[in-house]
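First comes the structure, then the notes that go with it.
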């Protein structure tokens, strides 16, 4: 069986190659997205540890009583704060990790 090498065949071949490249780029973009999220998650954990250590240095005023509910609220608030710091650029740890790990 002969394969016709006409302009239609060449165009279809180019479309197939373009589709392959697009799928590869999409896979690369998805892995890049996952790597960026992982780096931001790591920075968020580091920032959370720093904020919790700083929070412990604030003396208790006695204005609010300490109970399990206030401790849970405090933990959730500090976690949300550290997530937002990491998403907005934070200390640059996530970007540095992303660039370093992206090379490999």
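Take residue 38 and tell me if it is surrounded by 10 or more Cβ atoms within 10 Å (Cβ to Cβ), on the phi < 0 side of the Ramachandran plot, out of contact with any strand residue (DSSP E or B) (no Cβ under 6 Å at 6 or more places or on another chain) and at pLDDT below 85. Working first, answer last.
Details: surrounded by 10 or more Cβ atoms within 10 Å (Cβ to Cβ): yes; on the phi < 0 side of the Ramachandran plot: yes; out of contact with any strand residue (DSSP E or B) (no Cβ under 6 Å at 6 or more places or on another chain): yes; at pLDDT below 85: no.
No: the conditions fail for residue 38.
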* To do: Identify all residues within region 64-91 that are more than 22 Å from residue 43 (Cα to Cα) and modelled with pLDDT of 85 or more; write none if there are none.
  => 67, 68, 69, 70, 71
* To do: Please enumerate the residues belonging to region 90-104 that are loosely packed, with under 12 Cβ neighbours inside 10 Å and outside any helix (DSSP H, G or I).
  => 92, 103, 104
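Take region 74-87 and flag every residue that is surrounded by 11 or more Cβ atoms within 10 Å (Cβ to Cβ) and out of contact with any helix residue (DSSP H, G or I) (no Cβ under 7 Å at 6 or more places or on another chain).
74, 75, 77, 80, 84
The values are calculated or read from the model by the stated rules, or taken from the named source; none is laboratory data. If you're wondering where the values come from, they're calculated on a predicted model, not measured in any experiment. Using ideal geometry, Cβ is built from the backbone for each residue, glycine included, and neighbour counts are taken over all protein chains shown.
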